[in-house]
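Any read-out appearing in this document is the output of simple, stated calculations on the displayed coordinates, not a laboratory observation. Note that the structure is a prediction, hence the values are computed from the model and not measured. As a convention, Cβ positions derive from the backbone with ideal geometry for all residues, glycine included, and neighbour counts pool all protein chains shown.
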C-alpha cells in the first residue's frame, strides 16, 4: 500500500487541529500554577481528571477532526498562503473558566485575550485559518457557527463527576501572562501516545511586529 507524503497510508485519516503553542517558559508557568491547585491534599491527580503537562498546552484556532491524510499537504499549502505576511497578535493569558461551567466541568481552561496594543489581529488570524480549512472541504460544525470564538488554553479535563476538589481555588487564579506567538502550527492529536499527545506536523511563521 502506498503512503502519503506525511507518513500515513493511502486512505487513512488523521485527527488534526490548527493552533498556537505558548513558549516553553510560559507553558511552564501555567503548569506550575495549575497542577498544585488541582491536585488533592496528597499531591495526587484526582481520579477521573487529566491535568495536561506543559508540552501539551496549546490554544486551538480550528479543530478539523478526521482529515484524509492525502489532503494534509494541500492544507499546509493553504495555511502558508493564507498566513503570509500576517501580523502576530499580542495576547494575554488571564483568568480561568470551564466548559460547560465550573459547577459541571468537563474542561478547565485559562482564558486568552488580545492585548490593547494589537486590536483585531487575533480575529484576522482566526478568520484566515478558517479559510485554509474551508479550502480542503472542511465543514464548520453547526454549533460553532452560532457561538462566538472563545480563545483559551485547556489545562485539564474532568472525565467524571466529583473529580475536581480544587475548583474553588482554580476559579480565582489569574495568570496575567503576556504572549506573542511567532507561528501557527498544524497539530495531530494522538491520544494513544500520552508522552506527546499533540504533535506539530508543520508550522507557518507570523510577522512579529509589536504595536
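Structural remarks
- Label point at residue 84 placed 7 Å out along Cα→Cβ; residues across segment 172-209 whose backbone nitrogen lies under 15 Å: 204-207
- The angle between the Cα long axis of helix 121-134 and the main principal axis of the chain comes to about 50°, on a 0 to 90 degree scale.
- Per-residue ellipticity at 222 nm, computed for the chain from helices alone with -39500 (n - 2.57) per DSSP H run of at least four residues, works out to -7000 deg cm²/dmol.
- Highest mean packing first, where packing is the average number of other Cβ atoms within 10 Å per residue, the peptides 59-70, 197-208 line up as 59-70, 197-208.
- Label-point separation, residue 142 to residue 41 (7 Å along Cα→Cβ), nm: 4.8
- Springs join every pair of Cα atoms under 10 Å in this Gaussian network model of the chain, and among 136, 182, 18 the largest mean-square fluctuation is at 136.
- Relative pair counts by distance (%), Cα atoms of segment 48-152, 5 Å bins: 2, 10, 17, 20, 20, 18, 10, 3, 0
- For the pair residue 182 and residue 94, a Förster radius of 35 Å applied to the C-beta separation gives a FRET efficiency near 0.95, rounded to the nearest 0.05.
- Whole-Å distance, taken between Cα centres, linking segment 52-102 and segment 130-190: 9
- Debye-sum result for the chain in log10 I(q)/I(0), which assumes one identical scatterer on each alpha carbon, at q = 0.12, 0.16 Å⁻¹: -0.67, -1.14
- A simple spin-label model places pseudo-atoms 7 Å from Cα toward Cβ; at residue 200 and residue 103 they are separated by 4.0 nm.
- Placing one equal scatterer on every Cα of segment 12-92 and applying the Debye formula, the log10 ratio I(q)/I(0) at q = 0.12, 0.27 Å⁻¹ is -0.55, -1.27.
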